[in-house]
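Working notes, beginning with the structure itself.
The values are calculated or read from the model by the stated rules, or taken from the named source; none is laboratory data. All figures in this text were calculated on a predicted structure; none of them were measured in a lab. As a convention, Cβ positions derive from the backbone with ideal geometry for all residues, glycine included, and neighbour counts pool all protein chains shown. What goes into the accessible areas is simple: the full protein's heavy atoms, side chains included, and nothing from ligands, DNA or RNA. Shrake-Rupley method; radii C 1.70, N 1.55, O 1.52, S 1.80 Å.
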Amino acid sequence: MPPSQPLNRGLVLEAAIRVADRGGVEAITMRRVAQELGVEAMSLYHHVPNKDAILDGVVDMVFAAIELPGAEGGDWREAIRARSFSARVILSRHSWALGLMDSRRDPGPATLRHHDAVLGVLREAGFTLPMAAHAVSLIDSYVSGFVLQEANLPVRTPDDVEEVAGGILRHLPAEELPYLTEMIRDHALQPGYDHTGEFGYGLDLILDALEARRGGPRSR
């Protein structure tokens, strides 16, 4: 089916993202992106020179979708917290991007703007340069790790938790594994439990620790 509007770089990158959302980053090829758009693969080369350019572009589009932390005069913790929650939402939607985001040698403007904004919030809040570097590494590792873990969990909803955890509990030797039994029975299977809430709890611990150390070694 021919495209409904003239082909351009943005449409090519959006198509590549849809391909990756269905089949992972390895599914992104010039041929598959062209098929997604209903065009011949050769027509893509008028807008992107090669697959590497597509990969650079989709990473930049993912970064562009993440909320930039607004810094000026505000609370650095709230700014970074909002940005981290936004990153989690976007990366959960495009978890294939996790392996790409730090691997590209030619970052796009949205990527650079995003990193500069995060560093700006931290530096304006009084973080030393080394502490700002530590903070970025720690926060991004936490967000990426949580998204990766979430993507591989066998549960998505409270009903899933009840089914999976309940199934484990039924076959669990409670006397041999008392603490695991307690965790499942008295925590995971309790009304209102939501495993996704762990993200905010862990993030707040990280922000608390960074607040205590943001002035540098003297805060230890």
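Checking Pro69, Pro49 one by one, the residue that is assigned to a loop (DSSP other than H, G, I, E, B) and in contact (Cβ under 8 Å) with a residue 40 or more places away in the chain is Pro69 and no other.
The residues in segment 173-205 that are closer than 14 Å to Tyr142 by Cα and open to solvent by 90 Å² or more (accessible area, probe 1.4 Å) can be counted, and the count is 2. The residues listed here are Ala117, Ala97; of these, the one that is under 13 Å from Phe63 (Cα atoms), in contact (Cβ under 8 Å) with a residue 12 or more places away in the chain and within 11 Å of the chain's Cα centre (by Cα) is Ala97.
In this structure, Arg113 does not qualify as in a loop (DSSP other than H, G, I, E, B) and closer than 30 Å to Glu26 by Cβ. Residues that are open to solvent by 90 Å² or more (accessible area, probe 1.4 Å) and assigned to a helix (DSSP H, G or I) were ranked within segment 141-157; the one that is modelled with the lowest pLDDT is Asn152.
What number of residues within segment 1-24 satisfy the criterion of being more than 21 Å from Pro109 (Cα to Cα) and part of a helix (DSSP H, G or I)? Qualifying residue count, segment 1-24: 6.
One residue alone among Ser92, Ser84 is hydroxyl-bearing (Ser, Thr, Tyr) and either more than 17 Å from the chain's Cα centre (by Cα) or open to solvent by 20 Å² or more (accessible area, probe 1.4 Å) (or both), and that residue is Ser92.
Considering only residues in segment 4-30 that are exposed (fewer than 15 other Cβ atoms within 10 Å of the Cβ) and within 16 Å of His46 (Cβ to Cβ), the one that is nearest to the chain's Cα centre (by Cα) turns out to be Gly10.
Looking at (1) buried (at least 16 other Cβ atoms within 10 Å of the Cβ); (2) assigned to a helix (DSSP H, G or I), which one does Val39 not meet, given that it meets all the others? Every listed condition holds for Val39 apart from (2). When you check Leu13 against the structure, is it more than 30 Å from Asp208 (Cβ to Cβ), out of contact with any His (no Cβ under 8 Å at 6 or more places or on another chain) and at pLDDT 95 or above, yes or no? Spelling it out, Leu13 is indeed more than 30 Å from Asp208 (Cβ to Cβ), out of contact with any His (no Cβ under 8 Å at 6 or more places or on another chain) and at pLDDT 95 or above.
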